[in-house]
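The structure appears below as structure tokens.
Only the coordinates and a few stated rules stand behind these numbers; no lab work does. Just so you know, these numbers come straight off a predicted model, no measurement behind them. No Cβ is skipped: glycine too gets one built from the backbone with ideal geometry, and neighbour counts run over all protein chains shown.
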Amino acid sequence: MGVAECEFCGDARESLAVAGLPWAVYKPCMCEGAVANRSAEDREAESRAEEAKETDRRFQVARFFEEIPDHFRDRTFESYRVTPENRAAYLMARNWPPTGGKQSLLFMGEPGTGKTHLAAAIAINQVKLNRAVIFGTVPTILGRIKATFDDNRASEAEVKRIIMGCSLLVLDDLGKEKPSEWVEEVLYEIINARYVKKLPVIITTNVGLKAVEARYAWNGKAITSRLFEMCTGANVGGEDYRRRRC
């Protein structure tokens, strides 16, 4: 029976009898160096597999959504105007994702205070890391689902599945959507799916969760209950920057 030396400790490794192979197969060494190397190889293989899955998720997103709409591509952390009123929210966004705790964020505040800018900056950074991101206002995303009613390219269920399973979902302007039973049911489906899968969502709102709850008679409490558990909230204060530019 043949032997080979372990490249890490130098001990002999016995060959194993494997029928039909024209080369020798040796018993793995159990020394610390060999075990650590195998673990590193396993981690590398897992990383490559996850990267391939993420590329596929980005492809699926691109079929129906623009990752970052052109209007928001310059909304980076570098272009954000930090003030005492928005500094806490800025730091929370800049350090996302956190190493532990809640992975989702809820930015609240008056119009024009920079909530969407922070959400877009997070999304842009994630796209650079090859993450599958969907970014849009709640009415726009719901409208894309509704468009499947007259679109033979995909079913409502398929587009929902992509929204529910992307690596990061940004729901801008929650509370601006026109309430209806269908809107309420779809919002609940999306939020609940990401809650169950422990996938992050970044939300901006001018009205706050209590107002969102009040808009929906059937699922309002269920939606906001999940968001309270999922999200770390931050108030984004300051003047309306759109008015300042006028």
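The alpha carbons of the stretch 3-52 stretch over 37, 29, 12 Å along the principal axes, in descending order. Relative protection proxy for 197-206, 149-158, 60-69, from highest mean packing down: 197-206, 60-69, 149-158 (other beta-carbon atoms within 10 angstrom).
For the chain, a simple Cβ point-charge model (Lys and Arg +1, Asp and Glu -1, everything else neutral) yields a dipole of about 900 debye relative to the Cα centre.
Database remark: amide H of residue 237 closer than 5 angstrom to the amide H of 86 (H placed geometrically; neighbours at sequence offset of 5 or more, or on other chains; Pro and chain starts carry no H). Measuring against 18 Å, Cα to Cα, the residue pairs 102/128; 102/198; 115/198; 128/197 contain 102/128; 115/198; 128/197 as the ones spanning a longer distance. Applying the Karplus relation 6.51 cos²θ - 1.76 cosθ + 1.60 with θ = phi - 60° to the stretch 188-193 yields 3J(HN,Hα) values of 4, 4, 5, 4, 5, 4 Hz, where x marks Gly and Pro.
With θ taken as phi - 60° and the Karplus curve 6.51 cos²θ - 1.76 cosθ + 1.60 applied, the whole-hertz 3J(HN,Hα) list for the stretch 223-235 is 5, 6, 4, 5, 5, 4, 6, 7, 9, 9, x, 8, 7 Hz, x standing for glycine and proline. Backbone geometry of the stretch 26-42 corresponds, through the Karplus equation with coefficients 6.51, -1.76 and 1.60 at θ = phi - 60°, to 3J(HN,Hα) couplings of 10, 5, x, 7, 9, 5, 4, x, 5, 5, 5, 5, 5, 5, 5, 5, 5 Hz, x marking Gly and Pro. Using every pair of separate Cα atoms, the Kirkwood estimate puts the hydrodynamic radius of the stretch 56-244 at 16.8 angstrom.
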